[in-house]
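The values are calculated or read from the model by the stated rules, or taken from the named source; none is laboratory data. These numbers come from a predicted model, not from an experiment. All Cβ positions, glycine included, derive from the backbone under ideal geometry; neighbour counts span all protein chains shown. Accessible surface is based on the protein model in full, side chains and every heavy atom, while ligands, DNA and RNA are left aside. Shrake-Rupley method; radii C 1.70, N 1.55, O 1.52, S 1.80 Å.
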Amino acid sequence: MSATFLGMPAFPRNAARAVGDSQLRFNLRKATRTIRGRRAAMVGEVPGWEELRAAGRQIKDHTLRHLDRYLLQLEEAVARAGGRVHWAADADEANRIVAGLVEATGETSVVKVKSMATQEIGLNEALAARGITAYETDLAELIVQLGDDLPSHILVPAIHRNRAEIREIFREKMAEWGRPAPEDLTDEPRALAEAARLHLRERFLSTKVAVSGANFMIAETGTLVVLESEGNGRMCLTLPETLISVVGIEKLLPTWQDLEVFLQLLPRSSTGERMNPYTSTWTGASEGQEFHLVLLDNGRTRVLADEVGRQALRCIRCSACLNVCPVYERVGGHAYGSVYPGPIGAILTPQLRGTDSGASAPPGGMPASAAPAPGGRMPASATAVSRGRMPASATAVSRGRMPASATAVSRGRMPASATAELDASLPYASSLCGACYEVCPVAIDIPEVLVHLRAKAPHPRAERLAMRAAGWVLDRPVRLARAQRLSGRLRRFVPRRLPGPAAAWTDTRDIPDIPAESFRDWWDRTDGGTR
Amino acid sequence: MRVALFITCVNDTLFPGTGRAVVTLLRRLGCEVDFPRAQTCCGQMHVNTGYPREGTRLARHFADVFAGYDAVVTPSGSCAAMVREQYPRLARTAAAAGRPASSGTARDAGGRAAGRTAPPSFAEEVAALVPKVHDLSEFLVDVLGVTDVGACFPHRVTYHPTCHSLRGLRLGDRPTRLLEQVRGLELVPLPGAEECCGFGGTFAVKNPAVSAAMCADKAHNVMATGAEVLCAADNSCLMHIGGALGRQRAGIRVMHLAEILAATESGETAAAPAGPAARTRTAPATRPLSAPAARTLAAPGGATPAGPAAGTPPEPGPAAHGRTGEER
């Protein structure tokens, strides 16, 4: 009954299903609460965390404001160090560049370091379509890949799985992808990790091309930085002959020294560690190796043009907001229909896909949108960026002087996005409790952006009418008083279970008694309680 | 001190007892309470649901109604947070749009275009208004400087620090400091207190399954305390949790902070227990006080607030009126 609210969009339906999955609820409750507690302890022990947080926010804001300058500086520095920079306006272009680079090596397989950007653009699927197999090497990503599953968390993508389920996946699927799991595999964490280690080790030693993302890029030096916990990243970044890194343009930091702030903020916020086990940095290519950097826009310049929404680009993908979110804890990541779930996903996904203003077409991108290739179009935003026409103040974009890839695409020949309905519901996937803002290490005011996106989202007709009616009543005290008196007179006829959309309330909760007299009528009758 | 009461549309319509309790309490502490009749709603529901045009109109109306008061007190942490956090944003947006968004748009714009003396802009009104708007516990602790309000409520109570009170207004321990000074009140901590109850305004009906799942956990935690009363500084959250407790026949009632602080040894205050839980309530709200406890109360303590009400028995006035829950 609760799912029949007029115009009820997609998130609530997904969420209702997830809420009823007791195994999922158990796994999520356990995992999020553990990480939440660890993060709180690690953040609590840092004197001046708030100052550190403010510094993180300011560095990111500064960089985003001068992104044009810093991106060019980065391109130059990477080239100087022997790497090559490629500009990708959207998912399709990035995928084509990467596939082309792999094909040029003559290889048909790549190993991958965990990367949100490549998931965002659906790189594995795009490579598969061209006969290239991408092997995930992060333990959780491996679990997701073997299980033919989707990630449900930014940091721990298999958070929805428990160890018994993982054992089953390993036993059934590992052989299809390479070295099989041992016959006597138990669900002991140590045994599972050992099985993955042996399976992956073969892959590392035999694969000649690696694909990674990056947590940070340093404009000053052209250095890329990856933080990880398992050492698989270190293997991928050093062993293969060719390394291709796909990185969102917002991952930039101006100087090496800025890392100091983020290397403190990120591990404590994400895994609840003082420092992550492996931090790899590389600058250009060593002799005998090739390094390609694919700089990805895919909607980011358009997000930058939104004065309220652009703060989402400060995100360093720590997932502290997921772990603390009461909604995420109860529904998990799949309900958000994106590789970016939870509170940050609720503000990032609609903006990146370009569906945040009710537009029917995505900017070309994220895999779930099923958008076809824009077909050989110029990487508009990339050229603009590389020519230094990027907005110093992003208002230039909003004024239309910036050929943001999204606007051109959405004007034209793209079909209606398959995710428009879901995306429109994402800003409402929050009770605005503010816990996400409180833990965000770069102080993204997620509730503010949610409210901002709600204003732009298309609203169901019935809701629009109800809101307009409520607005009309509340516009004049006389109308409010009349409505109160009417409800006071009818109060004995209000059933315990309400019909229609209101059933969403009375399905699980009683409604309060309607008083015979409103406060304002009491005040009038008793002259403020003095009579 | 002359104080304007912003009752909020929800309290005005559904929980008038809370408003009467605020009036009783503030008068007892020596305040002159005014209720500006033109007030309606702060606009939070519209703004937070994605209707900033309607919300801004209500916000402008609010700013007009409450301009000129020394202090505006409201028994809702959420509505106070709306004014403090969101009004400046709405004002900025309205200024950027370059047109007043009030109900009298055409008239105002015409007036300005004609070069008449411009009334204060929405942004100016908001800037002047924001520092004067207080949630009840803020007003008591920060402005009046009291934590002992002379209340008596001999019951076991647990306190839910609603999200907007906790993370929006940053009320901190103000409400519990007030509760700790209430005679006879046993305050028990609520496990997972800082977690949202799942109300979230229209969230409760737009995402009913998640909202109910969140509320189930909150209700479970409330029951685990063994408390008789759940207290909060916001009736919307109490309506939500109380609605679930009532549906489960948990036998725990919900009361707004103001109602507990207004209670004295001479009887229940203006406020009959409000909220859905009242429907299943059968036991009387107050146990008679034991003689020693009553004596302690009668002695003028150092923290007894100054003002006309001090030393005189609390006004029985509002207490005489409608106990909404009992009429059924």
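Largest to smallest in accessible area, the residues A:M174, B:M1, B:M223 fall in the order B:M1, B:M223, A:M174 (1.4 Å probe, all protein chains included). Site pair A:L486 and B:S266 shows an inter-label distance of 4.1 nm when each label is modelled 7 Å from Cα along Cα→Cβ. Classify the range A:1-137 as rounded, prolate or oblate from the Cα gyration tensor: take a ≥ b ≥ c as the square roots of its eigenvalues, call it rounded if a/c is under 1.5, otherwise prolate when a/b beats b/c and oblate if not. The shape class here is oblate. Shielding of peptide B:6-15 by partners, expressed as the average count of other chain Cβ atoms within 10 Å per residue Cβ, is 5. Taking the charge dipole of chain A about its Cα centre, with +1 at Lys and Arg Cβ atoms and -1 at Asp and Glu Cβ atoms, the residue from A:Y437, A:I59, A:P151 reaching farthest to the positive side is A:Y437. Counting only heavy atoms of the protein chains and using a 1.4 Å probe, B:S266 has close to 90 Å² of accessible surface. Taking a sphere under 14 Å around the Cβ of A:S206 and counting the other residues whose Cβ falls inside, with K and R at +1 and D and E at -1, yields a net charge of +1. Going through the cross-link list A:K112/A:K173; A:K114/A:K208; A:K60/A:K114; A:K30/B:K206; A:K30/B:K218, which pairs have a Cα-Cα distance over 21 Å in this structure? Too far apart for the 21 Å limit: A:K60/A:K114; A:K30/B:K206.
How big is the charge dipole of the range A:461-526 about its Cα centre, in debye rounded to the nearest 20, if each Lys and Arg gets +1 on its Cβ and each Asp and Glu gets -1 on its Cβ?
240 debye
Would you tally the net charge around A:Q289, using a Cβ to Cβ cut-off of less than 13 Å, leaving A:Q289 out, and scoring K and R as +1, D and E as -1?
Value of the local net charge: -1.
Applying a 4.7 Å Cβ-Cβ cutoff to chain A, the cysteines left without a disulfide-compatible partner are A:C236, A:C315, A:C318, A:C325, A:C440.
Computed over neighbours whose Cβ is under 11 Å from that of B:M214, the net charge equals -1, Lys and Arg +1, Asp and Glu -1.
A protection proxy built from the mean count of other Cβ atoms within 10 Å ranks the segments B:131-142, B:239-250, most packed first, as B:239-250, B:131-142. Taking a ≥ b ≥ c as the square roots of the eigenvalues of the alpha carbon gyration tensor, the range A:461-526 is oblate, as a/c is not under 1.5 and a/b does not beat b/c.
With contacts taken as Cα pairs under 8 Å and at least 6 residues apart, the range B:11-65 reaches a relative contact order of 25 percent. Identify, among B:F15, B:T93, B:Y69, the residue whose Cα sits farthest towards the positive end of the charge dipole of the range B:2-137, taking +1 on the Cβ of Lys and Arg and -1 on the Cβ of Asp and Glu, with the dipole about the Cα centre. Value: B:T93.
Rounded if a/c is under 1.5, else prolate if a/b beats b/c, else oblate: with a ≥ b ≥ c from the C-alpha gyration tensor eigenvalues square-rooted, which is the range A:19-96? It comes out oblate by the Cα gyration axes.
Determine the dipole magnitude for the range B:2-137: charges of +1 sit on the beta-carbon of Lys and Arg, -1 on that of Asp and Glu, nothing else is charged, the reference point is the Cα centre, and the result goes in debye to the nearest 20.
For this selection, approximately 220 debye.
About the centre of its Cα atoms, the range A:87-205 shows a dipole size close to 320 debye [charges on the beta carbon of Lys, Arg (+1) and Asp, Glu (-1) only; nearest 20 debye]. Note on the range A:461-526: dipole from Cβ charges, positive end direction compared against A:P495, A:I511, A:L465; the farthest Cα belongs to A:L465. For the range A:196-275, the list of trypsin sites (Lys or Arg not before Pro) that fall in a loop by DSSP and count at most 14 other C-beta atoms within 10 angstrom reads A:R274. Specify the inter-centroid distance of the range A:88-119 and the range A:236-295, based on alpha-carbon positions, in whole Å. Cα centroid to Cα centroid, the span is 17 Å. Here's the picture: a label point sits 7 Å out from the Cα of A:T108 along the beta-carbon direction, and within the range A:187-215 the residues with their amide nitrogen under 17 Å of it are A:206-209. The mean count of C-beta atoms from other chains within 10 Å of the C-beta of residues in B:49-59, rounded to a whole number, is 6.
Take every pair of alpha-carbon atoms less than 8 Å apart whose residues are at least six positions apart; their mean separation over the length of chain A yields a relative contact order of 21 percent.
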